[in-house]
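One structure is given here, and the rest of the page talks about it.
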Amino acid sequence: MASSRGDAPVSTSLSASSSAAAYSPPYPSAARLSDSQCFSQYSASLKCLESNSDKSKCQKQFDDYKECKKKEREARLERNRSRSLF
């Protein structure tokens with residue numbers, strides 16, 4: 001018996017994922033989280049979540065990460081503003 005959403009198997013294409021891996025964005029630091037200045041805050045928040053079942057205990061790590069991302073974004077916007085378009 002077929003469901004209304006369809007039972008056709010979904011094939012995953014390895015070529016699509018390999019072509020995405022071969023893509024190199026113009027700004028490598030924007031490509032990977034590990035290249036971010038906020039990677040340590042990100043890791044700390046995940047580590048806290050893994051060790052605590054209560055999310056509220058990790059609020060400091062969340063706030064630190066959020067503040068870091070704000071600063072990183074502001075620096076990126078300022079860098080882009082200072083660039084010449086021509």
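FYI, it's all coordinate maths here, none of it is from the lab. In this text the structure is predicted, and so the values were computed from the model without any measurement. Counting neighbours? That spans all protein chains shown, and the Cβs are built from the backbone with ideal geometry, glycine included.
Values as computed for the structure displayed
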| item | result |
| --- | --- |
| Charge context of Leu49, other residues only, Cβ under 15 angstrom, K/R +1, D/E -1 | +1 |
| Fraction of the pair-distance distribution of the stretch 47-86 above 14 Å, Cα-Cα pairs, percent | 61 percent |
| Mean separation of Cα contacts under 8 Å, 6 or more apart, over the residue count of the stretch 30-74: relative contact order % | 42 percent |
| Arg79 versus Glu67: modelled label distance in nm, points set 7 Å from Cα along the beta carbon direction | 2.2 nm |
